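What follows is a set of notes on a single structure, which appears directly below.
The values are calculated or read from the model by the stated rules, or taken from the named source; none is laboratory data. Since we're looking at a predicted model, the values are computed, not measured. Quick reminder, even Gly has a Cβ in these numbers, built from the backbone with ideal geometry, and neighbours come from all protein chains shown. Please note that ligands, DNA and RNA were not included when accessible areas were found on the heavy atoms of the full protein model with its side chains. Shrake-Rupley method; radii C 1.70, N 1.55, O 1.52, S 1.80 Å.
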2 protein chains.
Amino acid sequence: MTTQSFPVTELVAARRPTRKDAARNYDALLAAAREAFAEHGAEASLEDIARRAGVGIGTLYRNFPTRRQLFETVYADEVNALCQLAVEVAEREPWEALTVWLDRFAGYMVTKRAVREALDGESEVFVACRESMYAGGGPLFARAQEAGVVRGDMEFGDLLRMVAGIMATAFEDEAQRDRVLGIALDGVRMRKDPGA
Amino acid sequence: MTTQSFPVTELVAARRPTRKDAARNYDALLAAAREAFAEHGAEASLEDIARRAGVGIGTLYRNFPTRRQLFETVYADEVNALCQLAVEVAEREPWEALTVWLDRFAGYMVTKRAVREALDGESEVFVACRESMYAGGGPLFARAQEAGVVRGDMEFGDLLRMVAGIMATAFEDEAQRDRVLGIALDGVRMRKDPGA
DNA sequence: ACTCTACCGGAGGCGCACCTCCGCTTCAAC
DNA sequence: GTTGAAGCGGAGGTGCGCCTCCGGTAGAGT
């Protein structure tokens with residue numbers, strides 16, 4: 001198993017308690033929060049999350065004194081997983097590696113959008129997430145650009161936002177979403193024709 | 001002034017009261033709701049909306065017995081304006097007409113996304129909005145396709161969702177948003193080169 | 001000017017989510 | 001097995017948004 005360290009990697013593990021029951025509760029809370037955020041967005045009730053996790057509301061507040069800290073932990077966890085994936089796909093063809101990774105990125109964004117929006121863009125954790133995302137996915141993008149399969153007048157951040165935006169929208173069905181994403185990625189791909 | 005009737009056009013005017021003070025309050029409520037939804041999304045407080053409009057909460061409930069009705073009216077109003085614009089730009093060059101219209105569409109979507117999401121896709125008003133949108137913007141799209149400036153394997157609905165998704169995302173600045181939108185629209189545009 | 005009716009506003013009851021606080025429980029070190 | 005510290009859970013206070021209801025007000029018809 002390939003495991004590499006990114007800015008978020010430490011942050012994720014840092015707060016997890018050591019005592020056995022406490023660690024179990026912590027994990028249950030994180031899982032419940034992921035589920036609740038996916039279902040109800042950032043407005044999910046904290047009491048509902050505690051209930052799902054099978055712990056008291058007090059336990060939730062001990063582990064995550066603020067709503068924000070819960071958001072941050074859930075989000076950082078996902079970003080870390082994405083970074084690990086980037087390492088795994090790094091050996092494939094440039095364009096394929098990039099799209100495989102984007103595919104997974106897109107999947108996360110569907111449910112994590114609400115959490116991201118609720119996070120202040122300047123918080124320590126959010127900055128670490130951004131840096132990790134660039135450290136993980138950036139090389140895939142750069143390689144594709146160097147290989148001449150991605151247009152030069154675009155930045156990695158542009159691509160992330162484009163995909164995130166499209167994934168956050170409601171479509172009639174999966175086919176339509178894929179079609180639209182494909183068309184947009186056609187704009188990303190280097191054109192074979194020279195002029196206008 | 002070009003004024004044309006679309007499915008939403010009647011719905012918009014239907015509920016407006018006739019008495020002078022009532023009509024004034026109705027308009028103030030709509031304006032306040034637009035503002036509040038843009039600022040806080042679909043979770044905006046109804047009491048805050050009433051306060052902004054300078055009317056009592058009772059007046060809000062008399063005009064819009066349910067939160068949904070307020071959403072619907074605000075949204076239908078915007079759609080109607082978009083339809084009127086489509087009529088106005090119909091004489092320009094196909095690609096230009098389409099992009100001018102999309103530009104305005106994009107502007108609306110930034111603030112109206114929350115409202116749209118809160119609306120049930122099957123409600124009478126929402127269906128009328130969808131039909132109006134297609135009746136207004138569809139011809140611009142069809143004309144651009146016939147003129148050979150838009151790829152053939154795309155539907156109007158695909159384009160709307162693509163633009164809506166991109167506009168709903170947070171960007172670093174306006175320049176980045178424009179750049180990303182431009183790249184995505186490059187995917188929409190007919191390619192000059194023949195093969196892959 | 002008068003009337004009568006439609007409309008106005010906001011006080012207040014209700015319910016839900018947030019968060020604190022503390023007596024009880026469980027872990028783990030010895 | 002004992003013990004003390006770390007952890008647990010949920011009762012309950014607080015605040016806020018939703019919605020109803022009705023005494024007062026202001027427009028429209030005569």
Here is a check on your reading of the model: is A:Arg179 open to solvent by less than 50 Å² (accessible area, probe 1.4 Å) and among the basic types (Lys, Arg)?
no
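Out of B:Ala22, B:Ala14, B:Ala33, I need the residue that is within 15 Å of DNA strand C (Cβ to nearest atom), buried (at least 21 other Cβ atoms within 10 Å of the Cβ) and among the aliphatic types (A, V, I, L, M). Which one? I'd like the intermediate steps shown before the answer.
On the way: B:Ala22 fails: buried (at least 21 other Cβ atoms within 10 Å of the Cβ); B:Ala14 fails: buried (at least 21 other Cβ atoms within 10 Å of the Cβ).
Of the residues listed, the single one that is within 15 Å of DNA strand C (Cβ to nearest atom), buried (at least 21 other Cβ atoms within 10 Å of the Cβ) and among the aliphatic types (A, V, I, L, M) is B:Ala33.
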Within segment A:38-79, residues being more than 11 Å from DNA strand D (Cβ to nearest atom) and open to solvent by 30 Å² or more (accessible area, probe 1.4 Å) number 13
List the residue pairs whose Cβ atoms are under 7 Å apart, where the first residue sits in segment A:39-60 and is within 14 Å of another protein chain (Cβ to nearest Cβ), the second is more than 11 Å from DNA strand D (Cβ to nearest atom), and the two are 6 or more positions apart or on different chains.
A:Gly41/A:Ala114; A:Ala42/A:Ala114; A:Ala42/A:Val115; A:Ala42/A:Glu117; A:Ala42/A:Ala118; A:Ala44/A:Ala36; A:Ala44/A:Phe37
Say whether the condition of being buried (at least 20 other Cβ atoms within 10 Å of the Cβ), hydrophobic (A, V, I, L, M, F, W, C) and closer than 24 Å to B:Phe37 by Cβ is met by at least one residue in segment B:148-159.
no
Would you call B:Leu119 at pLDDT below 95, under 22 Å from A:Val110 (Cα atoms) and surrounded by 14 or more Cβ atoms within 10 Å (Cβ to Cβ)?
yes
What number goes with the only condition from (1) crowded, with 16+ Cβ neighbours inside 10 Å; (2) more than 16 Å from DNA strand D (Cβ to nearest atom) that A:Gly107 does not pass?
(1)
Of residues in segment B:1-11 being open to solvent by 60 Å² or more (accessible area, probe 1.4 Å) and of a type in the set (Val, Ile, Thr), the one farthest from DNA strand C (Cβ to nearest atom)
B:Thr2
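How many residues are more than 30 Å from A:His40 (Cα to Cα) and either free of Cβ contacts under 8 Å to residues at least 12 places away in the same chain or open to solvent by 60 Å² or more (accessible area, probe 1.4 Å) (or both) if we restrict to segment B:122-146? Break it down stepwise before answering.
Step one: list which residues in segment B:122-146 are more than 30 Å from A:His40 (Cα to Cα), which gives B:132, B:134-146.
This time we only want the ones that are either free of Cβ contacts under 8 Å to residues at least 12 places away in the same chain or open to solvent by 60 Å² or more (accessible area, probe 1.4 Å) (or both), so: B:134, B:139, B:143, B:145-146.
Of the residues in that region, 5 qualify.
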Please specify each residue of segment B:61-84 satisfying the condition of being away from DNA strand C (no atom under 16 Å from the Cβ) and either free of Cβ contacts under 8 Å to residues at least 40 places away in the same chain or of a type in the set (D, E, K, R) (or both).
B:Arg68, B:Glu72, B:Asp77, B:Glu78, B:Ala81
May I ask you to verify whether B:Ala81 is of a type in the set (A, V, I, L, M, F, W, C), out of contact with any Leu (no Cβ under 9 Å at 6 or more places or on another chain) and closer than 30 Å to B:Met162 by Cβ?
yes
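Tally up the residues in segment B:59-96 that are outside any helix (DSSP H, G or I) and over 19 Å from B:Glu124 (Cβ atoms), please. Outline the logic, then answer.
Of all residues in segment B:59-96, those outside any helix (DSSP H, G or I) come to B:64-66, B:90-93.
With over 19 Å from B:Glu124 (Cβ atoms) added as a condition, the list becomes B:90-93.
Summing the residues that are outside any helix (DSSP H, G or I) and over 19 Å from B:Glu124 (Cβ atoms) in segment B:59-96 gives 4.
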